[in-house]
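Read-outs: derived from the displayed coordinates by stated rules, not from any lab. Bear in mind the structure is a predicted one, so any value in this text is a computation, not a measurement. Reconstructed Cβ throughout: ideal geometry from the backbone, glycine too, with neighbour counts over all protein chains shown.
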Amino acid sequence: MVLSNWSAGVSQNVHLQHNHGYVLRVIAKKEGPGNGYVTLMDCEENQEKLTFTSCEEGYITKTVDVFPDTDRVRIEIGETEGSFYIESIELICMNE
């Protein structure tokens, strides 16, 4: 997926298994000024944000562990300027 306009954005609601932890893993690169970001938030406004800049060369993998308080989350993808290239976004349930 490519976002090449600051007003472009994508979001998706995802249902999860309650009381489980997850790993959000994103492979992406940013070209030009501004930032690219992937934000995960639950229904109680808790959020984690992965930010990509053009200072990082090529495709970069970033991860964050999340422990949502609800069984639904929203993943939002956007950028502030330039182009943001997303190779993959995964939300992986942690084993107990």
Among GluC sites (Glu not before Pro) in segment 1-72, those in a DSSP loop whose Cβ has at most 10 other Cβ atoms within 10 Å are E44, E45, E57
If you add up the charges near Q47, with Lys and Arg at +1 and Asp and Glu at -1, over every other residue whose beta carbon is less than 11 angstrom from its beta carbon, what do you get?
-3
Among all the aspartates and glutamates, which ones have a C-alpha under 18 Å from K62's C-alpha, if same-chain residues fewer than 8 places away are not counted?
E31, E48, E76, E79, E87, E90
Rounded to the nearest 0.05, what FRET efficiency is calculated for V10 and T63 with R0 set to 30 Å and r the Cβ-Cβ distance?
0.95
Sequence order, segment 57-66: Karplus ³J(HN,Hα) from phi using 6.51 cos²θ - 1.76 cosθ + 1.60, θ = phi - 60°, Hz rounded, Gly and Pro as x, gives 8, x, 6, 10, 9, 10, 9, 8, 7, 10
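So, counting K/R as plus one and D/E as minus one, what does the shell of residues with Cβ under 10 Å around H15 add up to? Before the final figure, lay out each step's value.
Working: positive: R72; negative: D71.
Neighbour charge sum, excluding H15 itself: 0.
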Quick one: what do you get for the chain if you divide its Cα Rg by 2.2 N^0.38 Å?
1.08
